[in-house]
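The values are calculated or read from the model by the stated rules, or taken from the named source; none is laboratory data. What you are looking at is a predicted structure, and each value in this text was computed from that prediction instead of being measured. Every residue, glycine as well, gets a Cβ built from its backbone with ideal geometry; the counts of neighbours run over all protein chains shown.
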Amino acid sequence: MLKKILIANRGEIAVRIMRTCKAQGYQTVAVYSDADSNALHVSMADESVHIGRSHISDSYLNIDKIIDAAAISGADAIHPGYGFLSENAEFARACEQADLCFIGPSPDAIELMGSKRQAKIAMINAGVPCVPGYEGDDQNNKALIAEALKIGLPVMVKASAGGGGRGMRLVTEEARLDSEIDSARSEATSSFGSGELIIEKALINPRHIEIQIFADKHGNCVYLGERDCSVQRRHQKVVEEAPSPFVDETLRAAMGESAVAAANSCGYVGAGTVEFLVDDNKNFYFLEMNTRLQVEHPVTEHITGLDLVALQLDVAAGQPLGLTQSEVTLQGHAIEVRLYAEDPARGFLPQTGNLLHWQPAHSEGTRIDSGIVNGSEISPFYDPMLAKLIAFGDNREQARRRLVRLLQASFLAGFRDNRAFLADILDHPAFIDGQATTGFIDAHMAQAESLNPNPTTLTTALAATVLAGFGMQTTRSPGTKTITVDVADQRLTCHVVYIDSDIQVQCDAFPKPVELNNPQLSGNTLSFNLGKLKRSITLLLKNHTCWLNTSRGNFCFTDVTLAEKEKTTASSTDIRASMDGLVVACLFSEGDTVSKGDAVVVVEAMKMEHPLKAQCDGQLSTLHCKKGEQVKARMLLAEIAPSDSSTNS
């Protein structure tokens, strides 16, 4: 009998699991690192155990520390969530050896499905449709190249272990096979500790559709419909919805039955997801099986009426599923997007910092799974996902409209995020028509409004008005106030002219002055008129800064009028950290010659490596950092003495 459950995870998924555990009457235990000592999942748990330093290898990936935390707290079960140790067979075995219930499948099932090569062999034997390819034992480049040519270009070179797009290369030319195999193998070895590869025929712009399955310890297994996860960026899911606008009843049944066959082939127990690629002719091919709860599980919950975490707990406790395939019904539609601390306008660069204000716009038909509160510190150590925003309704269009409104009406300040980009996706005609494939973002989003790095003239005028102190006065006298603001790597001088209740903002960057009628600030809301049109905008005014949310994302304007004069742009001879992170490589030494575009320092943040490149030709005169050093955003890491040609160009 389970009584106390330790959640071996953090962030929104830890919070979401705890909610169901408490609702089912279980005691909960959180684990946390140094960076997460004040995190929401820690304060929400009945008990919590500190498991180490901030880096994941010292905390959330440390099996011994997680098992020790269970012993300290007296937990009798562990829920792994997703990511971290959730698909680690060694961890599942360690739980068994410690007489702890691992809320998930058996170690053998995890191990089998964790290898794309072994999983594909098992699926072929189980009669599950698979992409034509090579998954043999001969792993030398010559053999892999021969098999790739036999399959026919284009092909995908894939790491057998792991996922998330790492160790994956699309190859369209024979001449690039050798180098791309080497590159994929190197990345796979670095990321997953295994350089084993498979080769598959590349399906160009397919749909990515997955089937949620559930199996108990009594031999019962059902599928709970599909999720369409086709909208992706660099093989990472961005939007997920259920049901798929592309799938009909016949295809759903065929894919569902194949998913159940996949689960039965390895004696699966618990929640699992079988992922498929589907072509325009509705042929589907096995991609992989995720042996855990998926990030996107809420959309399935809303169309089935089931709590998947509650089902996991019941199955782990030995109870039968309690429903048959004929009793599974799908109603309505649900769409989920992932809110990230990242800057879409700057190559989706991960963001760090203090969450100054988070004001989600809850309304009918919406749900937010979040691990953040005002004051949360977003560190460089973990994935930049902050929350999942979900909308559901009677039909797809109603769910889509509700989610767009949720994104646009919610407010976040402290760092850049991707809400505006997500709203642009949902508003695109191809998405509205249900035509999105895995090539959607590359094909349609390059010119999205949210990718413009600069604020509009109206946004700048509103910020200048607030920072100048207008909008907060009950009486005004005619006059002009000039302020200087920094925003999006620009320094702008704005002249705010006011006569009675009207304001005109002039700026050299504006094609013409912006006129605002009767601006009034009340709390975090600035109301104003543009002629006969009355509008309002949410903002945060704090310590000479003003945060505003717009169709181009959220912007921070800083009043630097009284600040000491400094360079308006960073020197091309400086190399500065783009964010908080860990220096993982210094590729040149002092005195070395470097060329413009050379990566000089590599910083790791939020599970990604970011090369910092020289902006000019010259000699590395000073290196201010070393491998293994933690650095802060904008910290000077290296200086380059430019060559004469760089100086003159």
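Scanning the stretch 501-515 for residues that are in contact with a Ser or Thr (Cβ under 9 Å, 6 or more places away or on another chain) and modelled with pLDDT under 90 gives 508, 509.
With respect to the conditions (1) of a type outside the set (Phe, Trp, Tyr); (2) outside any strand (DSSP E or B); (3) closer than 20 Å to residue 239 by Cα; (4) in contact with a Gly (Cβ under 9 Å, 6 or more places away or on another chain), residue 289 falls short on a single one, namely (2). Within the stretch 141-164, restricting attention to residues that are part of a strand (DSSP E or B) and among the hydrophobic types (A, V, I, L, M, F, W, C), the residue that is nearest to residue 193 (Cα to Cα) is 161. Only a single criterion out of (1) touching a Pro at 6+ places or on another chain (Cβ under 8 Å); (2) surrounded by fewer than 19 Cβ atoms within 10 Å (Cβ to Cβ); (3) under 14 Å from residue 579 (Cα atoms) is not satisfied by residue 632, namely (1). Looking across the stretch 342-351, the residues that are out of contact with any Gly (no Cβ under 8 Å at 6 or more places or on another chain) and at negative phi come down to 342, 346, 349, 350, 351.
Can you tell me which of 607, 596 is basic (Lys, Arg) and modelled with pLDDT of 90 or more? Matching residue, one of 607, 596: 596. Of the helices (runs of 4 or more DSSP H) lying entirely inside the stretch 429-486, not one is found with 1 or more residues being at positive phi and at pLDDT below 95. Before we move on, is residue 336 within 30 Å of residue 489 (Cα to Cα), of a type in the set (D, E, K, R) and in contact with a strand residue (DSSP E or B) (Cβ under 6 Å, 6 or more places away or on another chain)? Criteria not met by residue 336.
Residues that are acidic (Asp, Glu) and touching a helix residue (DSSP H, G or I) at 6+ places or on another chain (Cβ under 8 Å) do occur in the stretch 328-338, at least one of them. Every listed requirement among (1) over 27 Å from the mean Cα position of the chain (by Cα); (2) among the hydrophobic types (A, V, I, L, M, F, W, C); (3) assigned to a loop (DSSP other than H, G, I, E, B) is met by residue 121 save one, (3). Among the conditions (1) over 29 Å from residue 265 (Cβ atoms); (2) touching a residue at least 40 places away in the same chain (Cβ under 8 Å), residue 105 misses just one, which is (1).
Evaluation of residue 76 against the conditions (1) assigned by TED's automatic domain parsing to the domain that holds residue 293; (2) acidic (Asp, Glu); (3) in contact (Cβ under 8 Å) with a residue 40 or more places away in the chain shows that the sole unmet condition is (1).
Count of the stretch 307-332 residues, restricted to those that are assigned to a loop (DSSP other than H, G, I, E, B), over 25 Å from the mean Cα position of the chain (by Cα) and of a type outside the set (S, T, N, Q), is 9.
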